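Everything on this sheet refers to the single structure shown next.
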Amino acid sequence: MRKRIVVLAAIGVLVLSFVVGVFASELVWEDISRGNLNLRTVLINPDNPRIIYIGSSKGIFKTEDGGVNWRNILSVRGQNKAVNFLLFDPQDKNSLYAASGNGLFYSTNQGRDWKRIFQGKNYLENECTALVVLPYTLYLGTKGGLFVSSDKGHTWQKASGKIGNSHILAIACNIKEPDYIYVACVDGVFKTGNAGKTWERIFVASPAENGGDQEETTDDQDEEERFSQIRYLSIDPQDSNILYLATARGVYLSQDKGRNWESLTSFGLLNRDVRFLLVSSKSHLYAVTKSGVFEYRDERWQELSLGLVVDDIRFLALDKENNLYAACDKGLFKTKIGYLSNDGGDNTISLYYKNEPTIKEIQQAAIKYAEVEPEKIIKWRKQAKMKAILPRLTVGLDNSKNTNYEIYTSATTHYTYEGPDDRSSGWDVTLSWELGDLLWNNDQTSIDVRSRLLVQLRDDILDEVTKLYFERLRVKMELDNLSIEDRKKRFEKGLRLQELTASIDALTGGYFSAQIRANVVS
């Protein structure tokens, strides 16, 4: 009997370790770079994930056996030898582009031979930072501006306007809509819908231009980095309408080709300064900060780099086998990731959502209970505009009385005669309109202040209810994996579970427990 209990307890510990480990994203990272340090980028062959290219401060290295052996295939000459970006030609996987600190290089035979197809006029234009390859056009980003080639790199033309002289940070395009190109630079995010003929700015880089306050900066940031709040831009490969923008203040999302932007929650991010974004073929979003690698899931960020001991992560890549690669200052690291969901699929986490509402439903219930819906501000603004249409009504009432006196005076006679009173009365009604309020009225200022307070309150509520929800889930998993004999721990976990449930009910008006009871009955 004792052996059986020990075995069951051991199995329980293993299951708990697995479940909690998966949920907390404590992944195992493997260094496959074999001493190649100070990496800037990584490129995985989409057909054969064992073929990997890495760009470093010393050039390009290639492996054909998954990282067991590496060989140098390009050494860049000049003062800046770093390779910042690698890209396959979408029409020919044997053709390879390398954006370096000394121009753009091109290979037609998987990196055996290279030819430089772009060289700038100065050191800023020489520093190539981003590239998009379309069937008939190349868009090259440099520290000195954007360059376009319509003949496979034989001739180049510099883009006009700000985008032609700004430090380019990233270029994004969905091959399904090649006319739409998005460029992130230190002056903002620019978009073209006509293959580069005209450009419009759809996001402003400087927080001062946006009306915000400048965040505190550290001493090790240069002037350009302090000014540039934009870090990176990425597009969803499955939906060309969806854009993600990495900034020093978090991640922004646009679902309409950049016309409107909304800020994603920073809950779970240890540092809001997001340096890099990766959107997978399954529309999963990954972010890199100074603190590590994070995945956006269920309206929160989960860290994936707890076992990754590096100082600087520069680039992420995914292969078709769900291996995640991180190009870092200390090498190339690889880990296996899995996609868990709470949509009723066959996975470990979904077992603990049974008969319970999802996090999105809880968040919506909390917002509704606290009356902090975004629609409230919209309604206030509409009502403020309607105020100018309604007239101001003024009612006046007038009532007067005058008494007449006749006074007669002579040498012998004196008399006074009081005559009839003169009475008068009247009333008036006045209607007036302040038509200027159709454009602006003082209520707008008050609404703006209340809007900021409402947004802050809503964020605080969402953060609190999200923390409680996932902590309750962890406690429930731990409770379910405790042995029956461990009564004390089961009692303590049970109390904690009830406490968290009560806290969630307090923020949702009892919605959480009511939904659980309703789901159990049904």
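The values are calculated or read from the model by the stated rules, or taken from the named source; none is laboratory data. Treat the numbers as computed from the prediction; the structure is a model and nothing was measured. Virtual Cβ from ideal backbone geometry, glycine too; neighbours counted across all protein chains shown.
State whether one or more residues within the range 260-269 are at pLDDT below 95, in contact with a helix residue (DSSP H, G or I) (Cβ under 7 Å, 6 or more places away or on another chain), more than 25 Å from Phe333 (Cβ to Cβ) and surrounded by 18 or more Cβ atoms within 10 Å (Cβ to Cβ). So far as the range 260-269 goes, no, none of its residues is at pLDDT below 95, in contact with a helix residue (DSSP H, G or I) (Cβ under 7 Å, 6 or more places away or on another chain), more than 25 Å from Phe333 (Cβ to Cβ) and surrounded by 18 or more Cβ atoms within 10 Å (Cβ to Cβ).
Could you list, in sequence order, the residues of the range 59-118 that are among the acidic types (Asp, Glu) and within 21 Å of His167 (Cβ to Cβ)?
Quick first cut of the range 59-118, residues among the acidic types (Asp, Glu) only: 64-65, 89, 92, 113.
None; the set is empty.
In the range 79-114, the residue that is farthest from the chain's Cα centre (by Cα) out of those that are among the charged types (D, E, K, R) and surrounded by 16 or more Cβ atoms within 10 Å (Cβ to Cβ) is Lys81. For beta carbons closer than 6 Å, sequence separation of 6+ or different chains, a first residue in the range 133-154 that is in contact (Cβ under 8 Å) with a residue 40 or more places away in the chain and a second that is surrounded by fewer than 22 Cβ atoms within 10 Å (Cβ to Cβ) and of a type in the set (D, E, K, R), the qualifying pairs are Val133/Asp89. Restricting attention to the range 264-279, the residues being part of a loop (DSSP other than H, G, I, E, B) and in contact (Cβ under 8 Å) with a residue 40 or more places away in the chain number 3.
Being within 32 Å of the chain's Cα centre (by Cα) and crowded, with 18+ Cβ neighbours inside 10 Å is a property that Lys143 has. Pairs are defined by a Cβ separation below 7 Å, a sequence spacing of at least 6 or placement on different chains, a first member in the range 449-474 that is farther than 12 Å from Ile367 by Cα, and a second member that is in a helix (DSSP H, G or I) and of a type in the set (Ser, Thr, Tyr); the pairs so defined are Leu468/Ser503; Arg472/Thr501; Leu473/Tyr352.
Among residues of the range 380-407 that are at negative phi, those with a Cβ under 6 angstrom from a residue that is aromatic (Phe, Trp, Tyr) and modelled with pLDDT of 70 or more, sequence gap 6+ or separate chain, pair up as Leu397/Trp427. For the range 232-254, the count of residues that are modelled with pLDDT of 85 or more, assigned to a strand (DSSP E or B) and among the acidic types (Asp, Glu) is zero.
Take the residues in the range 146-192 that are part of a strand (DSSP E or B) and of a type in the set (Val, Ile, Thr); name whichever of them is farthest from the chain's Cα centre (by Cα).
Going residue by residue through the range 146-192, those that are part of a strand (DSSP E or B) are 146-149, 157-158, 168-172, 181-185, 188-192.
Adding the requirement that they be of a type in the set (Val, Ile, Thr) leaves 148, 168, 171, 181, 183, 189, 192.
On the way: Val148: 29, Ile168: 20, Ile171: 17, Ile181: 20, Val183: 17, Val189: 15, Thr192: 22 Å.
Per the criteria, the residue is Val148.
Within the range 115-134, can you find the residues that are part of a loop (DSSP other than H, G, I, E, B) and surrounded by 20 or more Cβ atoms within 10 Å (Cβ to Cβ)?
Here is the first cut: in the range 115-134, the residues part of a loop (DSSP other than H, G, I, E, B) are 119-122, 127, 134.
Those that are part of a loop (DSSP other than H, G, I, E, B) and surrounded by 20 or more Cβ atoms within 10 Å (Cβ to Cβ): Gly120, Glu127.
So, of the residues in the range 480-496 that are surrounded by fewer than 17 Cβ atoms within 10 Å (Cβ to Cβ) and among the hydrophobic types (A, V, I, L, M, F, W, C), which turns out to be modelled with the highest pLDDT? Restricting to residues being surrounded by fewer than 17 Cβ atoms within 10 Å (Cβ to Cβ) and among the hydrophobic types (A, V, I, L, M, F, W, C), the top hit is Leu495. For Val76, only one of the following conditions fails: (1) at pLDDT below 95; (2) touching a helix residue (DSSP H, G or I) at 6+ places or on another chain (Cβ under 7 Å); (3) crowded, with 21+ Cβ neighbours inside 10 Å. What is its number? Single failed check for Val76: (2).
If you go through the range 310-324 one residue at a time, do you hit one that is on the phi < 0 side of the Ramachandran plot, among the polar types (S, T, N, Q) and under 15 Å from the mean Cα position of the chain (by Cα)? There is no residue in the range 310-324 that is on the phi < 0 side of the Ramachandran plot, among the polar types (S, T, N, Q) and under 15 Å from the mean Cα position of the chain (by Cα).
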